[in-house]
Amino acid sequence: MVGVGDSPSDRPAEPAGEDRAPRLFGKEEFAACYHASYRVFWLIAMNIVRDVELAEDVVQEAAVIGLRKLEQYTPGTNFDAWIWTVVRNVALNRAR
């Protein structure tokens, strides 16, 4: 398993060139990137909801939402920032 702080270069690279077709970001790539930063996502959720079990639920719900909206993610952009936003929004909704 990849740990927190591992280099983004461990993630799938975008092919270079202007004539390339848009690359899809598949479920396997999602899972690899998601698991690489799971602990950070959990810490973000925990900071907002202040409950261990609820933080785990938030992170799991964010994963489901992320998978449902995977077509909205642009490969080559910051995956962590994209999911952090989902985690944060789910956590804020749960904290209300």
Item to check | Filter result (under 17 Å from ASP80 (Cβ atoms) and either open to solvent by 70 Å² or more (accessible area, probe 1.4 Å) or touching a Ser or Thr at 6+ places or on another chain (Cβ under 8 Å) (or both)) within region 39-59 | outcome: ARG39, LEU43, ASN47
Checklist entry - Across region 60-88, what is the number of residues that are part of a helix (DSSP H, G or I) and open to solvent by less than 70 Å² (accessible area, probe 1.4 Å)? => result 13
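The values are calculated or read from the model by the stated rules, or taken from the named source; none is laboratory data. Every value quoted in this text rests on a predicted model; they were computed, and no experiment measured them. Note that each Cβ is placed from the backbone with ideal geometry, even for glycine, and that neighbours are counted across all protein chains shown. When the accessible area is computed, the model is the full protein with side chains, heavy atoms only, and any ligands, DNA or RNA have been set aside. Shrake-Rupley method; radii C 1.70, N 1.55, O 1.52, S 1.80 Å.
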